[in-house]
Amino acid sequence: MDARASPNVTGRRTRNLIRILTGAALCTALVACTLAPVPEDLPAIACRQAGIYRLEIALLVFYSSLLLITPAFSGLVRGRLPTEISVRGARFMEETDQRENLNEAAIEKMEKTINWFASELGNAEREVRRLKEKVGDST
């Protein structure tokens, strides 16, 4: 990619490349679905139906393609590799760092809220004691 290209143009190119790769994965899944031989004794997971078996083949090829394309794309284009690949997809270090920062910010906010509640509770307790003393003096 051109080093002088604006971030908007680079982002657009990246999105277009992702669209092309996803379309290629879908086409591969459809071809695999139609070309895969159907065994005579279909597995129970396919409910003994050839259509469901072919759909499962298509889903297997499509999803496994995405699991392989995502880290390969990031490694080749962006120069970063995932730290974890699971059934939910690839997770990258930046995402982990961002989550950690967000968690720290949320904890700090909660600590401030707890401190505010504690100070307000102290104020309320002092007011209750003052009112009790006032009531006690008047009797």
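Inspect the range 28-38 for any residue being outside any helix (DSSP H, G or I), free of Cβ contacts under 8 Å to residues at least 12 places away in the same chain and surrounded by 12 or more Cβ atoms within 10 Å (Cβ to Cβ) and give the result as yes or no.
no
Quick check on Ile69: is it β-branched (Val, Ile, Thr) and part of a helix (DSSP H, G or I)?
Considered against the rule, which asks whether it is β-branched (Val, Ile, Thr) and part of a helix (DSSP H, G or I), Ile69 comes out as yes.
This table checks each residue for (1) surrounded by 14 or more Cβ atoms within 10 Å (Cβ to Cβ); (2) in the same structural domain as Ile18 (by TED's automatic domain parsing); (3) out of contact with any Lys or Arg (no Cβ under 6 Å at 6 or more places or on another chain).
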{"position": "Pro43", "(1), (2), (3)": "no, yes, yes"}
{"position": "Phe62", "(1), (2), (3)": "yes, yes, yes"}
{"position": "Ser74", "(1), (2), (3)": "yes, yes, no"}
{"position": "Gly79", "(1), (2), (3)": "no, yes, yes"}
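Within the range 30-40, can one find any residue that is hydroxyl-bearing (Ser, Thr, Tyr) and assigned by TED's automatic domain parsing to the domain that holds Gly11?
Yes, that holds for at least one residue.
Hey, could you check the range 48-60 for residues that are in contact with a Leu (Cβ under 8 Å, 6 or more places away or on another chain) and of a type outside the set (A, V, I, L, M, F, W, C) and say which is surrounded by the most Cβ atoms within 10 Å (Cβ to Cβ)?
Selected residue: Tyr53.
The values are calculated or read from the model by the stated rules, or taken from the named source; none is laboratory data. Worth saying up front: this structure is predicted, and the values here are computed from it rather than measured. FYI the Cβ positions are ideal-geometry reconstructions off the backbone, even for glycines, and counts take in every protein chain you see.
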